[in-house]
1. Just to be sure I understand: with springs between alpha-carbon atoms less than 10 Å apart, which residue in Glu182, Glu27, Glu36 has the highest mean-square fluctuation in the Gaussian network model of the chain?
2. How much accessible surface does Ser17 have with a 1.4 Å probe, in Å² rounded to 10?
3. How would Ser62, Ser233 line up by accessible area, probe 1.4 Å, largest first?
4. Could you give the semi-axes, largest first, of the ellipsoid that matches the stretch 1-157, computed as the square roots of 5 times the alpha carbon gyration tensor eigenvalues and rounded to whole Å?
5. How big is the Kirkwood radius of the stretch 282-389, worked out from every pair of different alpha carbons and given in Å to one decimal?
6. Please report, as a whole percent, how much of the solvent-accessible surface of the stretch 43-281 comes from carbon and sulfur atoms (probe radius 1.4 Å).
7. Considering only DSSP states other than H, G, I, E and B, which trypsin sites (Lys or Arg not before Pro) in the stretch 31-109 qualify as loop sites with at most 12 other Cβ atoms within 10 Å?
8. Stick to the Cα atoms of the stretch 314-358, pair each with every other, and give me the Kirkwood hydrodynamic radius in Å at one decimal.
Amino acid sequence: MDYSKFVSEGVKSLKPSGIRKYFENAEGVISLGVGEPDFATPKAISDAAVQSIFNEETYYTSNWGLESLREAINEYLNKRFNLFYNPENEILVTTGTSEALDLALRTLVNPGDDVLIPKPSYVAYEPEVILAGGKPVLVNLTAENKFKLRKEDILNHLTDKTKVLLMPYPMNPTGAIMTKEEMMEISEVVKEHDLFVISDELYGELTYNGKKHASFASLPNMRERTLVINGVSKAFAMTGWRLGYVCGPSEVMTQLVKIHQFTMLCAPIMAQVAAEHALRFGVPAMEEMVKIYDKRRRFIVDRFNEIGLTCFEPEGAFYAFPSVESTGLDGEQFADRLLAEEEVAVVPGIAFGENGKYFLRICYAYSIEEIEEALVRIERFVKKLQEQL
Ligand SMILES: Cc1ncc(COP(=O)(O)O)c(C=O)c1O
């Protein structure tokens, strides 16, 4: 049977994510590969959801999500990021930030529209733009500029088809952040060239060195042209609950909700109850986790530089992005051999963009014991490579 004639050309054109083989769980293998918290969801949050099941709260909610959760999202965003959204028609609860991203793109993009995607960045951006019918326009960032997006990067890629800019800060895979002042420059180009922004702020709570995340929508004149996507996965150690949200001007949101209505209906009610608890009461537990990530971050960056793999200081998310260029290998060769010879799983930077070719993405949401042992092995491997050079 010729299945290929049944499968759509759009889906066939997508490259499968090349990073699964590095998510190794085999015995003896230490993985710094998977980008999710090593903590379980704080117990009080899980308890709230369990209690709601015992209370027989097992039904559909409004398409928009539980009203009390939307109110909690507004209060939380207001307190933490100085944002204000009307729970009635400006906040939609989704199944993970993943769905929020998909809805945002499908709502904004017409066939052939250009969507600017800074690279390296999260693996789903490019395929999602293609699935939405848009054209991904990749904007390469550099380690020299600390992987920050600059005004000229946008100007160099503008065409008369450019409609949407994806803002990926704090960033997976580099750990880069942008300050409010740096983002203000971007906002000027956005306004001048009449662009719309999808700001993925999933790692907004995970920033270090006292640098608080500034939401793109909180910049002057940007609320009206931004969809903020966010969720509880990373900050509250809730990846498996699949709960996110998207916020934006009601004119766009009342269109966007239609896709959700017909495809997802609503996010699972138990996860919504858990998320409400997290946003209302979970901040202290989240801040404890962030303190622990920060200790690991400082340790890991120092060790990489000591080993001779130059690592720029990530100030957000829970990733480090060291360069392996000095070893004579590219990231993929390095990661393959490291897994085979030292049983350490890391992800080659190229999985996040061509310009990540000589880098590795290291997730430090692992126990300090695992990180220490992984670095002993990486050091041994680099020494071996140096002897062979
Ligand atoms: C930058 C970024 N955005 C979105 C997602 C999807 O997150 P969620 O679990 O909320 O769907 C991820 C997951 O790794 C991510 O790294």
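The values are calculated or read from the model by the stated rules, or taken from the named source; none is laboratory data. Note that this is a predicted model, so its numbers are computed, not measured. Quick reminder, even Gly has a Cβ in these numbers, built from the backbone with ideal geometry, and neighbours come from all protein chains shown. Remember, those area values only see protein heavy atoms, side chains included, never the ligands or the DNA or RNA. Shrake-Rupley method; radii C 1.70, N 1.55, O 1.52, S 1.80 Å.
1. Result for the chain, Cα springs under 10 Å: Glu27 fluctuates most.
2. Rounded to the nearest 10, that gives 70 Å².
3. Per-residue accessible area, sorted high to low, gives Ser62, Ser233.
4. Working: eigenvalues 202, 119, 98 Å².
So the equivalent ellipsoid measures 32, 24, 22 Å along its semi-axes.
5. Numbers: mean 1/r = 0.0704 Å⁻¹.
Final number for the Kirkwood radius of the stretch 282-389 is 14.2 Å.
6. Numbers: 4830 of 9570 Å².
Here it works out to 50 percent.
7. Details: sites: Lys43, Arg70, Lys79, Arg80, Arg106; in loops: none.
Hits after loop and neighbour filter: nothing returned.
8. On the way: mean 1/r = 0.0908 Å⁻¹.
Its Kirkwood hydrodynamic radius stands at 11.0 Å.
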